[in-house]
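Here the structure is laid out as structure tokens; the discussion comes afterwards.
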Amino acid sequence: MESKSKLNSITLTDSSSGSLHNEIEKALKPLGGLGKYISEEDRVLLKPNFNTADPFPASSDPDFLLTVARMIMDITPNLTIIESSMFRLKTVNVIKKMMGESISDLGVPLITEQDYIYKNIDLQSLGAEYFKKVKLPEQILDPEVKLILLPCLKTHFIAQYTGALKLAVGFMEKKQRLRLHASRTVPERAAELNLGYKPHLIIMDARKIFVTKGPMDGQVESPQKILVGINRTEIDIEGVKIIQSYNADNMLKGKGALEARTVKHALKLGIE
């Protein structure tokens with residue numbers, strides 16, 4: 001059964017039946033469809049979650065990524081995937097383990113940390129309380145590029161949860177990422193990273209999620225949801241509500257969705 005709830009700038013769609021292409025298309029339709037956000041002339045960057053090579057929902061589902069990639073390429077051939085795995089891992093090896101030859105067979109180039117051209121962003125001047133400056137790749141700051149995020153949804157034993165906002169960690173220089181995870185303010189800093197850039201669209205795969213532990217393993221539940229929108233904070237609020245609906249033993253238990261630390265700080269900073 002299909003069920004949609006429309007918020008200010010997102011749709012949340014049940015995806016319990018039908019082809020993956022059709023379910024993603026249905027999720028996009030209330031917001032005008034994919035063609036509202038990209039055109040034939042656009043260069044598109046697609047950011048999945050391949051922090052590790054652990055299976056979905058720890059990482060992006062290969063079929064989900066390929067389906068979205070093909071939908072984009074039906075509109076424009078100018079698609080590139082951008083990603084940087086955790087500090088001990090080589091991103092190209094992680095993606096090859098997860099995707100095999102499917103990315104190269106599709107003809108989609110890959111930008112990893114080895115290709116990042118870093119730019120210092122003064123986050124403090126943008127309102128950050130915990131970060132002063134951060135290095136982000138110039139590739140995502142190019143005004144001529146359309147950036148689409150493909151976050152997973154899962155609990156996280158340090159950051160409470162991972163969603164659209166924390167996906168920005170994959171843009172950080174790896175040395176800074178190490179220092180980030182050693183701090184006591186990971187959730188707040190994850191929010192602040194989003195002051196430095198703005199995506200054009202978010203397509204969150206919440207068909208399967210972790211509701212305990214995370215980010216690499218945990219208790220798996222299957223809400224069968226796809227969330228689509230342009231507002232990272234709104235997407236994450238709905239994602240937190242989905243995690244909390246299982247009443248599992250995690251760091252979000254007993255809190256309102258707006259009290260999740262990353263969400264709370266993002267709202268304070270006005271991040272969309």
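The values are calculated or read from the model by the stated rules, or taken from the named source; none is laboratory data. Computed from a predicted structure; not experimentally measured. Quick reminder, even Gly has a Cβ in these numbers, built from the backbone with ideal geometry, and neighbours come from all protein chains shown.
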How about segment 94-116: which of its residues are farther than 19 Å from residue 174 by Cβ and of a type in the set (Asp, Glu)? 101, 105
Selection from segment 114-157 of residues that are modelled with pLDDT of 95 or more, within 30 Å of residue 55 (Cβ to Cβ) and outside any strand (DSSP E or B): 115, 116, 139, 140, 150, 151, 157
All conditions in (1) assigned to a loop (DSSP other than H, G, I, E, B); (2) more than 18 Å from the chain's Cα centre (by Cα) are true of residue 271 except (2)
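Being assigned to a strand (DSSP E or B) and surrounded by 15 or more Cβ atoms within 10 Å (Cβ to Cβ): is that true of residue 180 here? Give the derivation first.
Working: assigned to a strand (DSSP E or B): no; surrounded by 15 or more Cβ atoms within 10 Å (Cβ to Cβ): yes.
It is false that residue 180 is assigned to a strand (DSSP E or B) and surrounded by 15 or more Cβ atoms within 10 Å (Cβ to Cβ).
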Does segment 35-58 hold any residues that are over 12 Å from residue 201 (Cα atoms), of a type in the set (D, E, K, R) and in contact with a strand residue (DSSP E or B) (Cβ under 8 Å, 6 or more places away or on another chain), and which are they? 42, 43
Criterion violated by residue 209 - all others in (1) farther than 23 Å from residue 140 by Cβ; (2) in a loop (DSSP other than H, G, I, E, B) satisfied: (2)
Could you look through segment 233-263, keep only residues that are touching a helix residue (DSSP H, G or I) at 6+ places or on another chain (Cβ under 6 Å) and in contact (Cβ under 8 Å) with a residue 40 or more places away in the chain, and pick out the one that is farthest from residue 197 (Cα to Cα)? 252
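Residues are listed down the side, and each one gets a yes or a no for (1) of a type in the set (A, V, I, L, M); (2) touching a residue at least 60 places away in the same chain (Cβ under 8 Å); (3) surrounded by fewer than 17 Cβ atoms within 10 Å (Cβ to Cβ):
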site	(1), (2), (3)
84	no, yes, no
93	no, no, yes
98	yes, no, no
115	no, no, yes
125	no, no, yes
129	no, yes, yes
134	yes, yes, no
141	yes, no, yes
Complete set of residues in segment 245-268 that are part of a helix (DSSP H, G or I), crowded, with 21+ Cβ neighbours inside 10 Å and of a type in the set (A, V, I, L, M, F, W, C): 263, 266
Residue 192 charged (D, E, K, R), buried (at least 20 other Cβ atoms within 10 Å of the Cβ) and more than 16 Å from the chain's Cα centre (by Cα): no
Six or more apart or on different chains, Cβ under 6 Å: which pairs go from a residue in segment 155-168 that's more than 20 Å from residue 199 (Cβ to Cβ) to one that's at pLDDT below 95 and surrounded by fewer than 24 Cβ atoms within 10 Å (Cβ to Cβ)? Could you list them? none
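Condition first: among the hydrophobic types (A, V, I, L, M, F, W, C) and at pLDDT below 95. Now tell me which residues in segment 90-105 satisfy that. Full working, then the answer.
Our first condition is that a residue be among the hydrophobic types (A, V, I, L, M, F, W, C); within segment 90-105, this holds for 92, 94-95, 98-99, 103.
The answer is 103, and nothing else.
Looking at 203, 158, 230 in this structure, which one is buried (at least 20 other Cβ atoms within 10 Å of the Cβ) and of a type in the set (A, V, I, L, M)?
203
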On the basis of being in a helix (DSSP H, G or I), within 21 Å of residue 23 (Cβ to Cβ) and touching a Leu at 6+ places or on another chain (Cβ under 9 Å), does residue 242 make the cut? yes
With the condition kept exactly as written, say whether any residue in segment 170-189 is at pLDDT 95 or above, among the β-branched types (Val, Ile, Thr), farther than 21 Å from residue 89 by Cα and within 16 Å of the chain's Cα centre (by Cα). no
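Mind listing whichever residues of segment 161-176 are over 26 Å from residue 244 (Cβ atoms) and crowded, with 21+ Cβ neighbours inside 10 Å?
To start, the set of residues in segment 161-176 that are over 26 Å from residue 244 (Cβ atoms) comprises 171-176.
Matches in segment 161-176: 171, 172.
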